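Peer 1: Sharing a structure with you now.
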Amino acid sequence: MTERSVDAALRAYAAERKYHPTTIDRWLRLAPADRAALLELAQELRLGENQLRDLWEWAEEIAQRDGLSLATVLGAEALAAARRRAVGRSDKLKLVKAALRRLRFPQLGAAEDRLAVLVRELGLPPSVRVTPPESLEGDSIRIEIVADSAASLHDSVARLLAASQSPGCAAIFELLAGAR
Amino acid sequence: MNRWTPDAIWIERDEDASVLARRLLARLPDTPVHIVGDPREAEPLDGFGAGKRRLVVQRHRGSFLQHCPAGTTGMVCCNYLVMNFAANCPFDCSYCFLQDYLANNPALKVFTNVGEGLAELDAALRRHPERTFRVGTGELADSLALDHLTDLSCELVPFFAARSNAVLELKTKSDCIDNLLRLDPKERVVVSWSVNAETIVADEEHGAASLEARITAAERVQAAGYKVGFHFDPLIAHDGWEEGYPATIAKLFRRLDTRRVAWVSLGSLRMTPRLKAAIKARPQKSGVVTGELVPGADGKERLWRGLRVQMYRRMLEWLRSVDDRMPLYICMEPPGVWEKTFGEVPADRQVAERLVAGSA
C-alpha cells in the first residue's frame, strides 16, 4: 500500500468506527510505517477507539523505552504469534493484549508467571480457585471453593489445608510481599 | 545554579503597594510589569512551560493552612500540614504532579498576604498548645527557589523560631540558602532536599540544582544550625537504580552529620492518568512514563508492589547501614506496604510523633 492509500484506508476505518478527530489526527501524525502497522492491527482485530488507544499506548511506551519504532513493537514475534492463532476475534484480541502487556510489564509478567507456577504446584482440585490481586497490587489472594455436597466441600477444604502448610504456599505470600 | 527570574510580572491591582510587590520591583527593575484587575488575566495560553516564565503577584484567597493531601484514605499518614505561600515552581521536573494539579492555572504565583497566613497559623498553634505541628511550604511550590526574590524565609524562620509547638519544613531542589544562613532557626526549622539518583537528577529534574549543589547547600545550612531532611521521592526504577540510589546515599552522608538529620522519606513515583497524559504532551520526552506502573486503590499508578517494596527495602538497608537512628518514613503508601517494608504499621499519630522527635 502506498502512503496515500494507507491514509485513505485509515480515514475510512476511523470514520466507520466513529473515532474522535483528535485520535485520527494523532494517528495521521505517526511515521508512515507506524501508521500502517497500527491500521493493520486495528483492521484485523476490528478495534474500537478505546481498544486501539489502550494497545497503542502500551506499544508506544514499549517503543520509547526500548528505542524502537511503533511498527517494530507491533511486529514483535510475541504479538505475531498471538495474531496467528486460529481463534475468534475476541479471543485473539485478548491474546494480543496479553502478549503486549508482557512486553510492556516484563518484570510484573515474570512475577505473575512465577506465581502461577506456585499456585499450580499447590495441586489444588479444580473446585478450588486461587485468584491473585490484580497486577499483584495487594497482599491478599482470593480463594473460592465450589462444592455440590458436604463430601466434596470436605475434600476441597482438606486439600486446601494441606496446601496451606506447604512451602509453596509460603512462597506465594513471600512473592506478593516483594521477595525476589 | 542560576537564580530564576521571570520574563514578566503581573501584579493584582491593589497589591502593587504590598511589601512583596515593592521588593520584587526593586529586584527586577528591567522586567516588564503589568498591573491587572484580575490575576487570571495573566494566565498564559501557551502551555505549562510558558506559565513558569511569568510571575503573578496576588493575594491568596481562602485558608492558607491545609492538611497535606497525601493523607488519602487507606494510606498511612504523617499528619503533615501545608501552607502555600506560592503556587507552581520554576523548575520543570518531568514527573511533577503540578503538571496535572495546576494544568488549568499554571502561572507561577506568589502571595502577598503572608502575614495573614502566619496569623492563621498562630491561632491554630495557640488553640492546640499540647500538639506539635509539622508545617511545610513545599507542596505547591519549591520552598526556597524564589527566596532570592521574595525573602519569604526571613518572615517564616523567625516566626517558627519564636514558637515552641511547631516545626517548619522548607523543602527544595534549589541551593537558594543565603537568607537562611543569616537567620537563627532555634531548632524549629528543618531544611530538606528532594534528592534522587544522579541520572534522574540530570535527565528528569530540569532547571533544579545539581545533586552536588544540593548537598553543598545542605552541608552549609547544617553548619549554620539547621537540621536537614531528605526526600527520596519519587524513587524511580530506572536501569541501574541499585547502583544509583546507594551512590546518592553515600554522597550525602559522607558530608552530612546524620545526628542532625530530622528525617528521610521514601516515596515511589505516583501518577494519575491525567498526569501521564500531561507528561506525554510536553515537548521533552521522559522515560518516567515507561516504568512498570499499575493502578492502585486510590486511582494513581505506582510501580507494581513487588518491585516497589523491593526498592523500599533496599533503600532502608542502605540508609540504615549509614545510621540506623535516622527517622525514616514512606509517603502515600497503604498499611500493607509499611508492614512489608518496616515490619510494622504505626498509627498516623505515631509516625507524626517520631518525625517531631527527629526534628527536635
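The values are calculated or read from the model by the stated rules, or taken from the named source; none is laboratory data. Note that the coordinates shown come from a computational prediction; the quantities given were computed from them, not determined experimentally. Here the Cβ is made from the backbone with ideal geometry for all residues, glycine too, and neighbour counts use every protein chain on show.
Peer 1: Within segment B:52-73, can one find any residue that is among the aliphatic types (A, V, I, L, M) and within 15 Å of the chain's Cα centre (by Cα)?
Peer 2: Taking segment B:52-73 and keeping what is among the aliphatic types (A, V, I, L, M), we get B:55-57, B:65, B:70.
In the following step, the residues that additionally are within 15 Å of the chain's Cα centre (by Cα) were identified as B:70.
Taking every residue of segment B:52-73 in turn, at least one turns out to be among the aliphatic types (A, V, I, L, M) and within 15 Å of the chain's Cα centre (by Cα).
Peer 1: Limited to segment B:11-34, what total is found for residues that are out of contact with any helix residue (DSSP H, G or I) (no Cβ under 9 Å at 6 or more places or on another chain) and of a type in the set (A, V, I, L, M)? Step through it out loud before you land on a result.
Peer 2: Quick first cut of segment B:11-34, residues out of contact with any helix residue (DSSP H, G or I) (no Cβ under 9 Å at 6 or more places or on another chain) only: B:13-14, B:17-18, B:21-22, B:25-26, B:29-30, B:32.
Next, only the ones that are of a type in the set (A, V, I, L, M) stay: B:17, B:21, B:25-26.
So the answer is 4.
Peer 1: While we're looking at this one, here's another question. Kindly evaluate B:ARG349 against the criterion of being more than 14 Å from every other protein chain (Cβ to nearest Cβ) and within 22 Å of the chain's Cα centre (by Cα). Even if it seems obvious, please write down each step before you answer.
Peer 2: Details: more than 14 Å from every other protein chain (Cβ to nearest Cβ): yes; within 22 Å of the chain's Cα centre (by Cα): yes.
For B:ARG349, the condition - more than 14 Å from every other protein chain (Cβ to nearest Cβ) and within 22 Å of the chain's Cα centre (by Cα) - is met.
Peer 1: Here are some residues: B:THR290, B:THR248. Which one is free of Cβ contacts under 8 Å to residues at least 40 places away in the same chain and surrounded by 14 or more Cβ atoms within 10 Å (Cβ to Cβ)? If you could, list the steps in order and put the result at the bottom.
Peer 2: Numbers: B:THR248 fails: free of Cβ contacts under 8 Å to residues at least 40 places away in the same chain.
Unique residue meeting the criteria: B:THR290.
Peer 1: Look through B:ARG308, B:ARG302 and report the one residue that is at the interface with chain A (Cβ under 9 Å from one of its Cβ atoms), closer than 21 Å to A:ALA111 by Cα and either β-branched (Val, Ile, Thr) or not in a helix (DSSP H, G or I) (or both).
Peer 2: B:ARG302
Peer 1: Just one of A:GLY138, A:GLY123 is in contact (Cβ under 8 Å) with a residue 12 or more places away in the chain, within 14 Å of chain B (Cβ to nearest Cβ) and in contact with a Lys or Arg (Cβ under 8 Å, 6 or more places away or on another chain); which is it? Let's see the steps before the verdict.
Peer 2: Working: A:GLY123 fails: within 14 Å of chain B (Cβ to nearest Cβ).
Answer to the check: A:GLY138.
Peer 1: Tell me whether segment B:331-338 contains one or more residues that are more than 12 Å from chain A (Cβ to nearest Cβ), in a loop (DSSP other than H, G, I, E, B) and either out of contact with any helix residue (DSSP H, G or I) (no Cβ under 9 Å at 6 or more places or on another chain) or small (Gly, Ala, Ser) (or both).
Peer 2: The first filter runs over segment B:331-338 and keeps only residues more than 12 Å from chain A (Cβ to nearest Cβ), leaving B:331-332.
Applying the additional criterion that residues be in a loop (DSSP other than H, G, I, E, B) yields B:331-332.
Adding the requirement that they be either out of contact with any helix residue (DSSP H, G or I) (no Cβ under 9 Å at 6 or more places or on another chain) or small (Gly, Ala, Ser) (or both) leaves B:331-332.
Yes, there is a match, as at least one residue in segment B:331-338 is more than 12 Å from chain A (Cβ to nearest Cβ), in a loop (DSSP other than H, G, I, E, B) and either out of contact with any helix residue (DSSP H, G or I) (no Cβ under 9 Å at 6 or more places or on another chain) or small (Gly, Ala, Ser) (or both).
Peer 1: Report the residue count in segment A:77-120 for those that are within 14 Å of another protein chain (Cβ to nearest Cβ), touching a residue at least 40 places away in the same chain (Cβ under 8 Å) and in contact with a Leu (Cβ under 9 Å, 6 or more places away or on another chain).
Peer 2: Number of matching residues: 7.
Peer 1: Another question about this same structure. Could you identify the single residue in A:ALA116, A:ALA86, A:ALA98, A:ALA150 that is surrounded by fewer than 12 Cβ atoms within 10 Å (Cβ to Cβ), closer than 30 Å to A:ARG53 by Cα and among the aliphatic types (A, V, I, L, M)?
Peer 2: A:ALA86
Peer 1: Let me ask you something else. Checking B:LEU140 against (1) modelled with pLDDT under 95; (2) closer than 18 Å to B:ALA352 by Cβ; (3) of a type outside the set (Gly, Ala, Ser), which test does it fail?
Peer 2: (2)
Peer 1: Does B:PRO295 qualify as being at negative phi and either within 10 Å of chain A (Cβ to nearest Cβ) or over 19 Å from the mean Cα position of the chain (by Cα) (or both)?
Peer 2: On the way: at negative phi: yes; either within 10 Å of chain A (Cβ to nearest Cβ) or over 19 Å from the mean Cα position of the chain (by Cα) (or both): yes.
Answer is yes for this residue.
Here is a yes/no grid of residues against (1) surrounded by fewer than 21 Cβ atoms within 10 Å (Cβ to Cβ); (2) modelled with pLDDT of 90 or more; (3) small (Gly, Ala, Ser); (4) over 18 Å from B:HIS206 (Cα atoms):
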{"site": "B:GLY62", "(1), (2), (3), (4)": "yes, yes, yes, yes"}
{"site": "B:PHE85", "(1), (2), (3), (4)": "no, yes, no, yes"}
{"site": "B:SER94", "(1), (2), (3), (4)": "yes, yes, yes, no"}
{"site": "B:PHE97", "(1), (2), (3), (4)": "yes, yes, no, no"}
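Peer 1: Okay, moving on. Got a number for residues in segment A:142-179 being of a type in the set (Ser, Thr, Tyr) and in contact with a strand residue (DSSP E or B) (Cβ under 7 Å, 6 or more places away or on another chain)?
Peer 2: So in segment A:142-179, the residues of a type in the set (Ser, Thr, Tyr) come out as A:149, A:152, A:156, A:164, A:166.
Pick out the ones that are also in contact with a strand residue (DSSP E or B) (Cβ under 7 Å, 6 or more places away or on another chain) and you get A:156.
Within segment A:142-179, residues that are of a type in the set (Ser, Thr, Tyr) and in contact with a strand residue (DSSP E or B) (Cβ under 7 Å, 6 or more places away or on another chain) number 1.
Peer 1: Let me ask you something else. Residues to consider are B:ALA213, B:ALA162, B:ALA208, B:ALA197; find the one that is more than 18 Å from the chain's Cα centre (by Cα) and of a type in the set (Gly, Ala, Ser).
Peer 2: Working: B:ALA213 fails: more than 18 Å from the chain's Cα centre (by Cα); B:ALA208 fails: more than 18 Å from the chain's Cα centre (by Cα); B:ALA197 fails: more than 18 Å from the chain's Cα centre (by Cα).
Going through B:ALA213, B:ALA162, B:ALA208, B:ALA197 in turn, just one is more than 18 Å from the chain's Cα centre (by Cα) and of a type in the set (Gly, Ala, Ser): B:ALA162.
Peer 1: Select, from B:VAL345, B:VAL351, the only residue that is surrounded by 18 or more Cβ atoms within 10 Å (Cβ to Cβ), at pLDDT below 90 and more than 30 Å from B:ASP92 (Cα to Cα).
Peer 2: Working: B:VAL345 fails: surrounded by 18 or more Cβ atoms within 10 Å (Cβ to Cβ).
Unique residue meeting the criteria: B:VAL351.
Peer 1: Taking B:ARG325 as meeting all but one of (1) part of a loop (DSSP other than H, G, I, E, B); (2) closer than 22 Å to B:GLU204 by Cα; (3) at pLDDT 90 or above, write down the number of the exception.
Peer 2: (2)
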